[in-house]
Amino acid sequence: MRLATVPIVLCVVIYCGYRAANLVPWGGWDPGFTPVEQVLGAAVIVAMGAVQLHFAFRRPSRARAAGLLAVQVLLVYGPYPVFGAYWDPPAAFVVAAVLLTFAGRLSWALTAVAVACDALVRIALEPGVVDTGGAVVASRVAYAVVVATANGFLLFGMSRLSALVRDLDAARTASASLEVALERLRISRRLQDAVGGRLVSVLATLRQTERHAGPDQTRDRARAVAAAARQALAQVRTVADDYRDRSLAGEVAAARAVLTAAGVDVVVGPVPDHLPRPVDALLGAVLRRTVVAALRGTPPRSCRIELDGSASMRVTVAGDEPVTPDPDGIAGEVRELGGVLRVEPATGEVDVRIPVQARRPSGPRSPRPVAAAPWLAWAIMAVLEVDLLVTTISRVTGGWSDFYDAVHPARLALIIALVVLLSLLQLHHVRPRGGAAPPWWRWTLTLQIVLICVIAAVGTPVAPVPQYAGPVAGVVLFHVRRPWSWALAGALVLGTSLYQLHTWGVDLTTDLRRVAWWTLLTVAWGLLTMVAIAALCRLPLAAEQLVAARREVERLAVLRERLRIARDTHDLLGFHLSAIALKAELARGLAGTDPGTARVRLAEAGEVAAEALNSLRSITAEPTGLSFAEEVESARSMLAAAGIAVAVDLHATPGRSAESPLAIVLREAVTNVVRHSRATTCDIETRPVPGGIRLRVSNDGVPDTLVGDPAGNGLANLLARTRETGGELTVHRQGDRFTLVAEVRVDGAAGPVPDAAVPVAA
């Protein structure tokens, strides 16, 4: 953000200092102001700079800006009655204020009016603009017009580009929040389609179970509820898997490896780069489901994956069995993006086309103000070059006869030719190229420095060499690395100023006061143009970098939200659906021997289904906390329903910051005990640890298969959650006993944690 504030402040300060310096006598210039008038004039110029900075940083409304514009006009031209004809009005402040107040054609028209009025005022009041014969000196008028326009454009451009950088920086958070909200809404629709409908079906089935329903009716409905819950649970796993951080390139590599291992001939086309993130993830999900469907039965003979470089993919599977990938959710997402998903089981073709073109890395589209920023900077540079060219012509042709003499026509032609070549090279260096350096820039920059030296040799003391050295020094600062850039830029600005003083006959060794004063004035203008050109080169790039950073912030925010929803879908809905299926299976088993208890279990399944619907809504809402005490009671009820003896020993309760993570860890641990083990006992224990709390869940029914794969998605989710709080998760296996230990810190550093293996101790 310093790049958005420091350059405009430096430019205004240097410009105001340069203008204030013209109020005091120096060299052959003596405006004749008294010390009081000098202080008063300096105060007025400082006030102009303050108004300009207010325009740059406060961004006033149109009505307030019009009032500030009137104040600026009064400050610029009001001192004439006090200071007389030698008041040199800095019309650049008025031009910049007009451009910052109005927009479109009106701003350009009012700018032209402001410049024309300034020229008329100068013709009427400024000495030297009208010669002794009463004729207007055209070069002096042209000089005044160009200077007012160029400096006004410079102040306007610096203010506008600085404001653009600040706006982009401020917009990053708001933009990321909007992208997260849109992603949450999209995922909500998919979860509702995949899981919500089945939960509603479960509730409708349970409501139809009358209080005095017969055993057969209770058994049938319990079987239907269990089947619906397991189908929903399978969909939960699919949705959770889809919303992990996957890419098309990763899925293509995984598909190639899996199919090759199964003995399938695989042909894969080139994978497109820089697809929009949702499209890339969606194509990867379609490919993953197609490969899974192809390997369900007898492996096919061949598989061809065609990618045409844009958002289009065709997968052709040649085998003896039809290929029908699970379309649940995927087809709807393809339609939302305006695409089409076509599945031909008979021919083994899966074709997906989405009308979104691939983003090219070399030319990312930017918001329109950002895309125009480099050309605004280049246009301002072009106006400055015209300003310097007109200044040179005005001097060498005798327009400033009271200061400079006209030069010989041959020398005049040579100076103008050198100046034009230098200006063209300068514009070549700052031409927008998307951040790329101009071709052969070291040679062309060297040529510019040589041209400065030649112009100094043949043009001084008439040609404004220090003014040309400033822009070249700005290009040096932009292209050359520090500290060499500062040394070379300083040598250019200071060296040309001292050399010009030498050609004016000033003794650089004895008249130190005069040397210091003249050097201050000439170096100030060189520093102004140097800072301005360096900033005009860098600010558009900074704007582009901020756009890229904003896209990355949006991507990471969306990714973090997708991972959160994937974990919550797996942990919360998985727990509820497992409980529904368990209670429904118990009810089915008890329907023939104890119908009353079976109906009670179905009623409990209905309560859990209602909780699951609430969880479904909460997953895609703003994240909220869970109650650890309620989870303990739910765990006790679920384990008891599964016939597992429960021992709860709580020696510590979590604080507010640790309660929700610990509740989720307990929920997933208990779900794993019921779903994956043959436990008869389960112990739940909490104990305090320095800076947090430790949860221990142990059971005696560990399956043998856990030894080879101790960390599935559930345990990986829990590892991520505990690490987000600064804690740790470990699992231990000893004989047939399996123990999960989670330590949750009260004040952990939150942040997205990638999936990782859970530490296992034998």
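The set of residues from the range 48-64 being assigned to a helix (DSSP H, G or I), surrounded by 15 or more Cβ atoms within 10 Å (Cβ to Cβ) and not polar (S, T, N, Q) comprises Met48, Gly49, Val51, Leu53, His54, Phe55, Ala56, Phe57. From the list Gly67, Gly104, the lone residue that is exposed (fewer than 14 other Cβ atoms within 10 Å of the Cβ) and on the phi > 0 side of the Ramachandran plot is Gly104. Residues that are in a helix (DSSP H, G or I) and either touching a His at 6+ places or on another chain (Cβ under 8 Å) or without any contact (Cβ under 8 Å) to a residue 60 or more places away in the chain (or both) within the range 279-314 comprise Asp280, Ala281, Gly284, Ala285, Leu287, Arg288, Arg289, Val291, Val292, Ala293, Ala294, listed in sequence order. Applying the criterion of being over 22 Å from Val646 (Cα atoms) and touching a strand residue (DSSP E or B) at 6+ places or on another chain (Cβ under 6 Å) to the residues of the range 690-719, the residue that is modelled with the lowest pLDDT is Pro710. Hey, does the range 388-411 have a residue that's at pLDDT below 75, surrounded by fewer than 19 Cβ atoms within 10 Å (Cβ to Cβ) and charged (D, E, K, R)? Looking through the range 388-411, at least one residue is at pLDDT below 75, surrounded by fewer than 19 Cβ atoms within 10 Å (Cβ to Cβ) and charged (D, E, K, R).
When every residue of the range 323-344 is checked against the conditions, none turns out to be polar (S, T, N, Q), surrounded by fewer than 14 Cβ atoms within 10 Å (Cβ to Cβ) and modelled with pLDDT of 65 or more.
Among the residues of the range 250-274, those identified as in contact with a Pro (Cβ under 9 Å, 6 or more places away or on another chain) and not charged (D, E, K, R) are Leu259, Ala262, Gly263, Val264, His274.
Of all residues in the range 80-101, those that are farther than 21 Å from Ser61 by Cβ, hydrophobic (A, V, I, L, M, F, W, C) and crowded, with 16+ Cβ neighbours inside 10 Å total 4. From (1) in contact with a helix residue (DSSP H, G or I) (Cβ under 9 Å, 6 or more places away or on another chain); (2) at pLDDT 80 or above; (3) under 30 Å from His732 (Cα atoms); (4) part of a loop (DSSP other than H, G, I, E, B), pick out the condition that doesn't hold for Gly625. Of the numbered conditions (1) in contact with a helix residue (DSSP H, G or I) (Cβ under 9 Å, 6 or more places away or on another chain); (2) at pLDDT 80 or above; (3) under 30 Å from His732 (Cα atoms); (4) part of a loop (DSSP other than H, G, I, E, B), the odd one out for Gly625 is (2). Within the range 22-39, the set of residues being touching a helix residue (DSSP H, G or I) at 6+ places or on another chain (Cβ under 7 Å) and surrounded by fewer than 17 Cβ atoms within 10 Å (Cβ to Cβ) comprises Val24, Trp26, Gly27, Gly32. In summary, Ala249 fulfils each of the numbered conditions (1) of a type in the set (Gly, Ala, Ser); (2) over 22 Å from Ala331 (Cβ atoms); (3) at pLDDT below 80 with the single exception of condition (3). For Leu259, state whether it is at pLDDT 70 or above and buried (at least 16 other Cβ atoms within 10 Å of the Cβ). Yes: the conditions hold for Leu259. For the condition without any contact (Cβ under 8 Å) to a residue 60 or more places away in the chain, within 14 Å of Leu155 (Cα to Cα) and within 38 Å of the chain's Cα centre (by Cα), Val94 qualifies.
Here Thr522, Thr529 are screened, and the one residue that is closer than 16 Å to Cys11 by Cα, modelled with pLDDT under 75 and of a type in the set (Ser, Thr, Tyr) is Thr522. Exactly one residue among Arg122, Arg140 is in a helix (DSSP H, G or I), at pLDDT below 80 and surrounded by 15 or more Cβ atoms within 10 Å (Cβ to Cβ), and that residue is Arg140.
The values are calculated or read from the model by the stated rules, or taken from the named source; none is laboratory data. Remember, it's a predicted structure, so these values are computed and weren't measured experimentally. Cβ: placed from backbone, ideal geometry, glycine included. Neighbour counts: every protein chain shown.
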